[in-house]
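Okay, structure first, notes after.
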Amino acid sequence: MAAMTSSRTVDVLGKPYYAETIDLPDDEEGAVTATLVSRSARSAEGRAVLHVHGFADYFFQTSAADYWTDRGYDFYALDLRKYGRSLLPHQTPNFVTDLHDYFAEIDAAWQRITERDGHQRVLVSGHSTGGLVAPLWAHHRQPDLAGMVLNSPWLDLQGSLLLRTAGTKAIDQVGARRPYLAIPRNVTGLYAQSLHKDHYGEWDFNLEWKPLESWPVYAGWLRAVRRGHAAVHRGIDVGAPVLVLTSSASALPRAWGHEAASHDIVLNVEQIRKWAHKLAPHVTLVKVDGALHDVTLSREPVRTRAFAEITAWHDAYLR
């Protein structure tokens, strides 16, 4: 179990964000920590949101925090082990061999939010890989969850049918034998450039934690992800209403242009829509025209439309 004793300090984002370290059991690489970032609403009345980020990512999405705190929810975001604030010098960035390893820090965050901080109504938000990990956690733990908002969740492997079938069998074998084998891939850097203020975006984030060229993908980690995908494809139940937001279309541009500025250029949104119904009995699926992979970081007026969709879903099903 993660240690419950911790102290909050002002986060790297500055006030009103605070961060606390969650000490976790050592793994094969050594010491392990996670980081829980929080921001209080003026009047939360026992309501909170817990956000889980994606691959090659960490919490910097202050637009989402603004939205939820304005609606009266205390906002929490978890930097998982080996990501962002939680990445230690001796660690392989973003690496695990089992997605269930993340359950320890999500459990610890949930305990702090509900037991320590006294929230009775908690939503979970997940983006990309976090949109895979969070539903798996909820399915296994069955917490008293008010709802779940998934922003472009990663529910299947992009690429050909051959890659998703025979390729997955190969990944399963290689990932078990050589977990640290780097999988070759071609990363343009366009997605991170579409976000960062020094390129084509409007957001400031730490390029040592979220590099423009992403992080290497290792066979053991990809094996864990594919096993997570298989679990979703068999069908899970997060135990609460689910909202799934995606861009209206995907694209694979090789250079900057309209497609990179208005499409999901990371995941195949048709795959997300294909498998979303496997997350729970009650799933609402919304396409946001012109949205980026992280829908909440899209340019205006797309971002406002995305948050309006969350509001409509929340008011319809969670009041």
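The values are calculated or read from the model by the stated rules, or taken from the named source; none is laboratory data. Since the structure is predicted, the reported quantities are computational estimates derived from the model, not experimental observations. Here the Cβ is made from the backbone with ideal geometry for all residues, glycine too, and neighbour counts use every protein chain on show. Each accessible area value is taken on the protein alone, full model and side chains, heavy atoms only, with ligands, DNA and RNA left out. Shrake-Rupley method; radii C 1.70, N 1.55, O 1.52, S 1.80 Å.
Could you say which residue among Asp79, Asp66 is buried (at least 20 other Cβ atoms within 10 Å of the Cβ) and under 23 Å from His196 (Cα atoms)? It would help to see each step written out before you state the result.
Details: Asp66 fails: buried (at least 20 other Cβ atoms within 10 Å of the Cβ).
Sole residue among the options that is buried (at least 20 other Cβ atoms within 10 Å of the Cβ) and under 23 Å from His196 (Cα atoms): Asp79.
Would you tally the residues in segment 106-144 being within 28 Å of Ser43 (Cβ to Cβ), out of contact with any Asp or Glu (no Cβ under 7 Å at 6 or more places or on another chain) and not hydroxyl-bearing (Ser, Thr, Tyr)?
First, pick out the residues of segment 106-144 that are within 28 Å of Ser43 (Cβ to Cβ): 106-127, 130, 134, 138, 143-144.
Pick out the ones that are also out of contact with any Asp or Glu (no Cβ under 7 Å at 6 or more places or on another chain) and you get 106-118, 120-126, 130, 134, 138, 143-144.
Adding the requirement that they be not hydroxyl-bearing (Ser, Thr, Tyr) leaves 106-113, 115-118, 120-124, 126, 130, 134, 138, 143-144.
Matching residues across segment 106-144 total 23.
Confirm whether Pro153 is open to solvent by less than 70 Å² (accessible area, probe 1.4 Å), under 23 Å from Gly290 (Cβ atoms), modelled with pLDDT of 90 or more and not polar (S, T, N, Q). Don't jump to the end; show me each part of the working.
Numbers: open to solvent by less than 70 Å² (accessible area, probe 1.4 Å): yes; under 23 Å from Gly290 (Cβ atoms): yes; modelled with pLDDT of 90 or more: yes; not polar (S, T, N, Q): yes.
Yes, satisfied.
Taking segment 193-229 on its own, how many of its residues are touching a residue at least 60 places away in the same chain (Cβ under 8 Å) and not in a loop (DSSP other than H, G, I, E, B)?
So the answer is 14.
Can you name every residue in segment 231-268 that is open to solvent by 40 Å² or more (accessible area, probe 1.4 Å) and hydrophobic (A, V, I, L, M, F, W, C)?
Leu252, Ala255, Trp256, Val266
For segment 3-56, what are the residues that are open to solvent by 20 Å² or more (accessible area, probe 1.4 Å) and at pLDDT below 95?
Residues satisfying the conditions are Ala3, Met4, Thr5, Ser6, Ser7, Arg8, Arg42, Ser43, Glu45.
Given the conditions (1) over 30 Å from Lys197 (Cβ atoms); (2) in contact with a strand residue (DSSP E or B) (Cβ under 7 Å, 6 or more places away or on another chain); (3) modelled with pLDDT of 95 or more, and given that Lys287 satisfies all but one, which numbered condition is not satisfied?
Lys287 satisfies every listed condition except (1).
Assuming Arg112 fulfils every condition listed in (1) open to solvent by 10 Å² or more (accessible area, probe 1.4 Å); (2) in contact with a strand residue (DSSP E or B) (Cβ under 8 Å, 6 or more places away or on another chain) apart from one, which condition is it?
Result: Arg112 passes all but (1).
Among the residues of segment 12-60, how many are in a loop (DSSP other than H, G, I, E, B), in contact with a Lys or Arg (Cβ under 7 Å, 6 or more places away or on another chain) and without any contact (Cβ under 8 Å) to a residue 40 or more places away in the chain?
1
Here's the yes/no breakdown for (1) closer than 24 Å to Glu29 by Cα; (2) of a type in the set (D, E, K, R); (3) at pLDDT below 95:
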| site | (1), (2), (3) |
| --- | --- |
| Val124 | no, no, no |
| His127 | no, no, no |
| His139 | no, no, no |
| Asp144 | no, yes, no |
| Ile183 | yes, no, yes |
| Ser194 | no, no, no |
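When Leu285 is evaluated against the numbered criteria (1) within 25 Å of Asp66 (Cβ to Cβ); (2) open to solvent by 60 Å² or more (accessible area, probe 1.4 Å); (3) over 18 Å from the mean Cα position of the chain (by Cα), which criterion, by number, is the only one it fails?
Going through the list (1) within 25 Å of Asp66 (Cβ to Cβ); (2) open to solvent by 60 Å² or more (accessible area, probe 1.4 Å); (3) over 18 Å from the mean Cα position of the chain (by Cα), Leu285 breaks only (3).
Just need a number here: residues in segment 297-319 that are exposed (fewer than 13 other Cβ atoms within 10 Å of the Cβ) and touching a residue at least 24 places away in the same chain (Cβ under 8 Å).
1
Thr97: open to solvent by 40 Å² or more (accessible area, probe 1.4 Å), within 25 Å of Leu279 (Cβ to Cβ), within 21 Å of the chain's Cα centre (by Cα) and not acidic (Asp, Glu), yes or no?
yes
Please go through segment 266-296 and give me each residue that is in contact (Cβ under 8 Å) with a residue 12 or more places away in the chain and part of a helix (DSSP H, G or I), ordered by number. Lay out the reasoning, then the answer.
Restricting attention to segment 266-296, the residues satisfying the condition of being in contact (Cβ under 8 Å) with a residue 12 or more places away in the chain are 266-276, 278-296.
Correct list: Val269, Glu270, Gln271, Ile272, Arg273, Lys274, Trp275, Ala276, Lys278, Val295, Thr296.
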